[in-house]
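The block underneath contains the structure these notes are about, expressed in structure tokens.
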Amino acid sequence: QVQLVESGGGLVQAGGSLRLSCAASGRTYSSYAMGWFRQAPGKEREFVAAISWSGGNTYYADSVKGRFTISRDNVEKTVYLQMNSLKPEDTAVYYCAARRVATSTSPSDYDYWGQGTQVTVSS
């Protein structure tokens, strides 16, 4: 079992930055791949970024590539999403998720989810 709690969301102006954190509990956290997803009102949940269990491999949606960075600290059991050059279209609830072993860009492949944190980018 893995429990996930996101934090760090908020209101920011376009061009600004935020860093999201996802704190995990559970003894086997370090063996899980982690992902960040987001869901805007009226839209489906979409992939943002993912990182392998070791942190050695990262993946990004084209819409955030070059602006967002995913990282993890397996000692602190935390995964981060550094978001720079934010745009109004980045406004959404952001979720972190955990999946056994391999990364995936599909939400349905993930086993555990946090409750989400709201990110609002004003123009």
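The values are calculated or read from the model by the stated rules, or taken from the named source; none is laboratory data. Since the structure is predicted, the reported quantities are computational estimates derived from the model, not experimental observations. FYI the Cβ positions are ideal-geometry reconstructions off the backbone, even for glycines, and counts take in every protein chain you see. Only protein heavy atoms, including side chains, enter the accessible area calculation; ligands, DNA and RNA are left aside. Shrake-Rupley method; radii C 1.70, N 1.55, O 1.52, S 1.80 Å.
Can you quote the Å³ per residue value for the convex hull of the Cα atoms in the chain, rounded to an integer? Mind showing how you got there, number by number?
Details: hull volume 10.9 nm³, N = 123.
Per-residue hull volume (Cα only) is 88 Å³.
Could you calculate the contour length gain from SER31 to LEU11, that is, 0.36 nm times the residue separation minus the distance between their Cα atoms, to one decimal place in nm?
3.9 nm
So for the chain: antiparallel DSSP bridges make up what percent, rounded to the nearest 5? Let's see the in-between values first.
Details: 38 of 42 bridges.
Around 90 percent antiparallel, to the nearest 5.
Do any trypsin sites (Lys or Arg not before Pro) in the stretch 1-61 lie in a DSSP loop with no more than 10 other beta carbon atoms within 10 Å, and if so, which?
Of the trypsin sites (Lys or Arg not before Pro), the ones in loops of the stretch 1-61 whose Cβ has at most 10 other Cβ atoms within 10 Å are ARG27, LYS43.
Can you spot the lysines whose alpha carbon is less than 21 Å from LYS87's alpha carbon? Ignore those fewer than 8 places along the same chain.
Straight-line reach from LYS87, under 21 Å: LYS43, LYS65.
Would you mind counting up the charge near GLN115? Only other residues with Cβ under 15 Å from its Cβ, with Lys and Arg at +1 and Asp and Glu at -1.
Overall, the nearby charge balance is +1.
Under a Cβ-Cβ cut-off of 11 Å, what is the net charge of the residues other than VAL2 that fall near it, where Lys and Arg count +1 and Asp and Glu count -1? Walk me through the numbers on the way to the answer.
On the way: positive: ARG27, LYS77, ARG99, ARG100; negative: ASP111.
Net charge around VAL2: +3.
Give me the accessible area per residue for the chain, probe 1.4 Å, as a whole number in Å².
Numbers: 6170 Å² over 123 residues.
Here the residues of the chain average 50 Å² of exposed surface.
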